[in-house]
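The values are calculated or read from the model by the stated rules, or taken from the named source; none is laboratory data. Since the structure is predicted, the reported quantities are computational estimates derived from the model, not experimental observations. Note that we place each Cβ from the backbone using ideal geometry, even for glycine, and neighbour counts take in every protein chain shown.
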Amino acid sequence: MYICYYGMYLKGDIMSDHTQLSGRAYIAIGLMLFALFFGAGNLIFPATLGQHAGTNVWWAILGFIVTGVGLPLLGVMAMGYSGSRNVQSLASRVHPVFGVLFTLALYLSIGPAFAIPRTGTVSYEIAVKPFLGGAASDTALSLFLVGFFVVTLWLSINPQKLVNRIGKILTPALLLTIVVLIVKSLITPLGNYGTPTESYATSGTAFLQGFLDGYNTLDALASFVFGILVIEFVTLSGAQTRDEITRATMKAGLIAVGCLGVVYIFIASLGATSVEQLGILDTGAPVLAESARLLFGGLGAMILAVIVLLACLTTSIGLVTSCAQYFSTQFGGLSYKAYAVLFVLISFGVGMFGLKTIITAAIPVLMFLYPLSIALIVLAFLHPLFNGRQCVYAWTVGATFITALVSGLETASVDLGSLGQFFATQVPMHGIGMDWLVFGGVGFVIGLIHRALVKAN
């Protein structure tokens, strides 16, 4: 969850420390990073995974943790290790044009295209819809989104201490609520683990599907943005060299992703035991809302609703703020306030399609962006091996781009004809969505050969 201006408070605290990172500083930065990552989306997707995985939930959540926990950690560490001042600087190692386009796609994905409207729709699904019963409708959704995004815009344009104060208590309150929900579900489980659906039928397929499900959190993409904040704070705390910054970001990152991992495991288990009473629901939002109602009654559901609503609101404020700042700085043309208004309007329009549609629409884009992000992370760590030669970046990412584009288009149900048939029959691991590993590996080898044959200018 991106808590608006929370970093300002932390920045002041850390600057008061002396020359090196203390345990207190690590904890402070780690919790800040957890707050940046943690949002309602991190709650609903493990719940959905649990419902579908059933008895294979532990294999599925293991795959989910790789992409939902491991990749964000590596992304943050990669920014520290690379020494890049922002995500565009890192991506421009491939090519300046790619740097701009990749960063643009990343900010739109974690902004008005998917993440911001998702905050509004998740809020509605958990905080409003369960209490409307038969009165729930498109009109109710639209009215709620109007109010939600008006408040988002107001607080994004007019920064208030209220947002900071909410942020200071919001994450602990939400975590406490989830912990209580989890403990109660372990003491009095809703039911037994259900039968896995087709995509999770075996341990192997469950792991792979969980791996792909982890894309939905968007955290690996966000890690490029959040990593810069972490680097700033650890530098203020005394870390100076690349090794010191990398170690510091890793330690702080482990605190953050460790908390995420624990939440994912138990919420997935909650989802897996809920099917007997709830059936398989469209998204994870009603799974949490109905589970809270069954375990604690109406009061419990109401408390969860209020806290999730506030969590989504602060997430929305922070995402609008970060995206508007990037676009106004990078492209100009419009002021920060104008971009904030534009992104809120777009987010409202997208939100009107509903949570299920937003999640479905995001999957092809994530199938495209995630392989490219992973390639950049790996190359950032291998940078010294090939002296940072641009040809290695270009060949690796270029090869990854091909198969990522094919996977994205196929996921979007675009008929690729003979090209699609070729990939389906001739390209290893295409059927499980992991063929980018093959293409990226081949591209990396070609890049190394290119480097050996052509001297640097």
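Residue check: is GLU276 part of a helix (DSSP H, G or I), surrounded by fewer than 23 Cβ atoms within 10 Å (Cβ to Cβ) and modelled with pLDDT under 85? So GLU276 fails the test.
Figure legend. Inter-residue proximity from region 82-111: first residues more than 28 Å from GLY41 (Cα to Cα) and in the same structural domain as GLN240 (by TED's automatic domain parsing), second residues part of a helix (DSSP H, G or I) and of a type in the set (D, E, K, R), beta-carbon distance below 8 Å, spacing 6+ or different chains. Indicated pairs: GLY83/ARG242. On the basis of being more than 20 Å from the chain's Cα centre (by Cα) and touching a residue at least 40 places away in the same chain (Cβ under 8 Å), does ALA311 make the cut? Against the criterion (more than 20 Å from the chain's Cα centre (by Cα) and touching a residue at least 40 places away in the same chain (Cβ under 8 Å)), ALA311 does not qualify.
Here SER137, SER89, SER142, SER82 are screened, and the one residue that is farther than 20 Å from LYS337 by Cα and either of a type in the set (Asp, Glu) or in contact with a His (Cβ under 7 Å, 6 or more places away or on another chain) (or both) is SER82. Across region 382-395, not a single residue is classified as surrounded by 17 or more Cβ atoms within 10 Å (Cβ to Cβ), at pLDDT below 95 and on the phi > 0 side of the Ramachandran plot.
The residues listed here are THR217, THR241; of these, the one that is assigned by TED's automatic domain parsing to the domain that holds ILE65, in contact with a Phe, Trp or Tyr (Cβ under 8 Å, 6 or more places away or on another chain) and either crowded, with 21+ Cβ neighbours inside 10 Å or over 30 Å from ILE432 (Cβ atoms) (or both) is THR217. Pairs are defined by a Cβ separation below 7 Å, a sequence spacing of at least 6 or placement on different chains, a first member in region 355-372 that is under 16 Å from GLY284 (Cβ atoms), and a second member that is among the polar types (S, T, N, Q) and outside any helix (DSSP H, G or I); the pairs so defined are LEU355/THR283; LYS356/THR283; ILE359/THR283. In the set (1) among the small types (Gly, Ala, Ser); (2) free of Cβ contacts under 8 Å to residues at least 40 places away in the same chain; (3) surrounded by 18 or more Cβ atoms within 10 Å (Cβ to Cβ), the condition left unmet by GLY431 is number (3).
Residues in region 80-107 that are in contact with a Lys or Arg (Cβ under 9 Å, 6 or more places away or on another chain) and not small (Gly, Ala, Ser): TYR81 alone.
When LEU334 is tested against (1) assigned to a helix (DSSP H, G or I); (2) over 18 Å from LEU145 (Cα atoms), just one condition goes unmet, and that condition is (1). Among what's in region 112-157 and is under 18 Å from GLY284 (Cα atoms) and β-branched (Val, Ile, Thr), pick the residue that is surrounded by the fewest Cβ atoms within 10 Å (Cβ to Cβ). That would be VAL128.
Looking across region 194-213, the residues that are surrounded by fewer than 22 Cβ atoms within 10 Å (Cβ to Cβ) and either of a type in the set (S, T, N, Q) or assigned by TED's automatic domain parsing to the domain that holds PHE368 (or both) come down to THR195, THR197, SER199, THR202, SER203, THR205.
Looking at region 304-321, is at least one residue in contact with a Pro (Cβ under 6 Å, 6 or more places away or on another chain), in a helix (DSSP H, G or I) and hydrophobic (A, V, I, L, M, F, W, C)? Within region 304-321 (the criterion being in contact with a Pro (Cβ under 6 Å, 6 or more places away or on another chain), in a helix (DSSP H, G or I) and hydrophobic (A, V, I, L, M, F, W, C)), the answer is no, since none of the residues qualifies. Can you confirm whether region 244-255 contains a residue that is in a helix (DSSP H, G or I) and farther than 28 Å from PRO384 by Cβ? Within region 244-255, none of the residues are in a helix (DSSP H, G or I) and farther than 28 Å from PRO384 by Cβ. Residues in region 342-394 that are closer than 24 Å to ASP138 by Cβ and of a type in the set (Val, Ile, Thr): VAL344, ILE346, VAL350, THR357, ILE358, ILE359, THR360, ILE363. Residues that are of a type outside the set (Ser, Thr, Tyr) and outside any helix (DSSP H, G or I) within region 211-240 comprise LEU218, GLY238, ALA239, GLN240, listed in sequence order.
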